[in-house]
Structures are given as C-alpha cells and as structure tokens.
Amino acid sequence: MLIFMAGFRAPAQDTKSKPIASAPTTVIILRHAERLSDDKDTPLSEAGLVRAKALVPLLSAMKPDVVIISELQRTRQTVAPYLENTRLVPLVRSNEKCAELAAEILKNWRGKTVLVAWHRGPNIDLAKSLGAKDPFPQWGPNTYDRYWIITVKADGAVRLEEKVLPPVISMTSR
C-alpha cells in the first residue's frame, strides 16, 4: 500500500555549517628554500635548511589540508621539518604540468588549504592556471623570502597576495 504525504518536506538542514563548496580554496605557493648550487636537482644549502626549519610555525598556523611538492629534492627538504609534526604525506607533481595541477587542486581540494612547495618560474604558470591575472610579483634567482596566497572563491573570483618571510640567519653568517 502506498501512502502519499502531501506537503512532505525533507528535514531542514543545519544552516550554521557552511558547505565546503562555498568555502574558498586557498593555495599557498611557497618557493623552495635556498639551494646549494645551480644543478637541476641540487639539495638545500645550509641557509636553506635553516629557512626550512624557520617555516614550521608559519606552515603550522596555515594548517594545510594537503602538501604538494615537485619531483626535485629541494621542495621536499623545504617542507620536511613541517611534515615531521603532521600526518601529511606530500604528493609529488611535475612542475612542468601546472595546468594539470591547478585543475587537480580545484577538483579534489575545493574549499581546502593547499600548500605547494614550488619553483621560481612555474609559480606564475600555476597562478595563471588557478585564475590569477597579471601583473605578477617577480621572484629573482635569489628570491627565497616570498610566498603567495591565492584565494579562489566559490564564484570563481581569484585574489593573489604576496607575503614576505622574515629573514633567516645561518650559522655561517654570524
């Protein structure tokens, strides 16, 4: 026997909690720390290792939901001190496939905070692929003290903000 209930409505949803789809997606693009040499897959220098440790409080405060690094060891070394205190395992993505990475971020981590430890040059390609517009702040070959916060709102509006990291002092520069 079927009973039709006129005027039946589904239970009211909790309007206090925001659906994830309406939350902005935050992408932090952080250049790797100082490198030892110009070799393609060079590790971090002593100053870079000091900077990587100094990043821990900042990254902890940002609470990324996912960490993405390139295939080059200096990006892994830059976030390694932060990752030691988390259960996060970094995802490795090619720094030559920025459009694919942006699409993955916007599909899989919409409404989340994503940390991308990246490189000078591909940072602009990634920002453009996320919808940010020119002009972009420029990072020179020795610029290691900057990072970008790109906010992608649910309506598609994109904002890029550049932040400056505090200086780091290595043991040899004292």
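The figures follow:
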{"item": "Selection count, the stretch 61-94, where residues are in contact with a Phe, Trp or Tyr (Cβ under 7 Å, 6 or more places away or on another chain) and over 19 Å from residue 40 (Cβ atoms)", "result": "2"}
{"item": "Top-ranked residue in the stretch 118-155 [being touching a residue at least 40 places away in the same chain (Cβ under 8 Å) and of a type in the set (Phe, Trp, Tyr); ranked as surrounded by the most Cβ atoms within 10 Å (Cβ to Cβ)]", "result": "118"}
{"item": "Number of the exception - residue 83 against (1) within 17 Å of residue 50 (Cα to Cα); (2) surrounded by fewer than 16 Cβ atoms within 10 Å (Cβ to Cβ); (3) of a type in the set (A, V, I, L, M)", "result": "(2)"}
{"item": "Scope the stretch 146-174; condition modelled with pLDDT of 90 or more and hydroxyl-bearing (Ser, Thr, Tyr); matching residues", "result": "147, 151"}
{"item": "Residue among 74, 87, 51 that alone is touching a residue at least 60 places away in the same chain (Cβ under 8 Å) and basic (Lys, Arg)", "result": "51"}
{"item": "Subset tally (residues that are buried (at least 20 other Cβ atoms within 10 Å of the Cβ) and either of a type in the set (Lys, Arg) or assigned to a strand (DSSP E or B) (or both)) for the stretch 27-56", "result": "8"}
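The values are calculated or read from the model by the stated rules, or taken from the named source; none is laboratory data. Keep in mind the model is a prediction, meaning the values are calculated, not measured. We place every Cβ from the backbone using ideal geometry, glycine too, and count neighbours over all the protein chains shown.
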